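J.: Here it is, the structure in full.
No lab work stands behind these numbers, since they all come straight from the coordinates. These numbers come from a predicted model, not from an experiment. All Cβ positions, even for glycine, are placed from backbone atoms using ideal geometry, and neighbour counts span all protein chains on display.
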Amino acid sequence: LVTAPNSASEPVPIETPGGPQAAAPVPNHRPDGRLTGRLTEPGESATPIPAATVELTCTCLDRPVRTTTDIQGAFVVDGLPAGDYALSVDLGAGAVVQRVSLTAGGRVHTFLRAAIPNIDAEIAERERKERSAQAMLSGGAIAAVTGLLLLVGAGVEYNKSDCKFELETCANAPRPQLAKALAVGGAFALVAGATTLGFGAHRLRKLRASVQASTTSAALVLVGRF
């Protein structure tokens, strides 16, 4: 038997052989938020950029969330809590950051515009950095060889035999002051040359290649990170 409720807002208890059952709880109609967007190149054409990584950061998240744009440059992220989000994209020509606010269960759509690196400018920059690194290697090698020669000269000067008959004016007499100056100069040149060689080799090793592409073009971009 179903008993009559006292009011329309109260749950309806149901008589069963085992006793009355509690009313079913009211479901929570507050879904998580959704953030959608579209990534395009700058300019009036607004060419979409597919297969690009968009990163979302927020103090409301335990860790950054990453998503990838589709062929139309669109992306969708569901299940987001309320908070202030920073959306960042870096295609190699500098990071682009867009900030949006999302309310509880809200929906936000945003547009991002990011530039793809200019191939000619990237190649020119890489060549400049490579020339600089090669110049450092050459200069370091010259300085190191000069340092070694100075140290050899200092050793030769220290090891000269004393003149016979104790003639101080002997042309082949050892000159301690000159030998000391040669040793100091040689050590300094050797250390400076080795350091320069190390920096030059490090720069050359850091030069690497990456591929950047859009729906209308594809290019091999050489990027140096220092």
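J.: Using the beta-carbon distance between Val97 and Leu149 and R0 = 35 Å, what value does 1/(1 + (r/R0)^6) give for FRET efficiency, to the nearest 0.05? Let's see the in-between values first.
T.: On the way: r = 54 Å, r/R0 = 1.55.
According to the calculation, E is roughly 0.05.
J.: For segment 42-136, what does the relative contact order come out to in percent, with C-alpha contacts under 8 Å and a separation of six or more?
T.: 21 percent
J.: Going by amide H atoms built from the backbone, whose H comes under 5 Å of the H on Gly105, apart from near neighbours?
T.: It is Gly33, Ala82, by chain and number.
J.: Taking Lys160 as the anchor, which lysines have their alpha carbon closer than 26 Å to its alpha carbon, excluding any fewer than eight residues away along the same chain?
T.: Lys180
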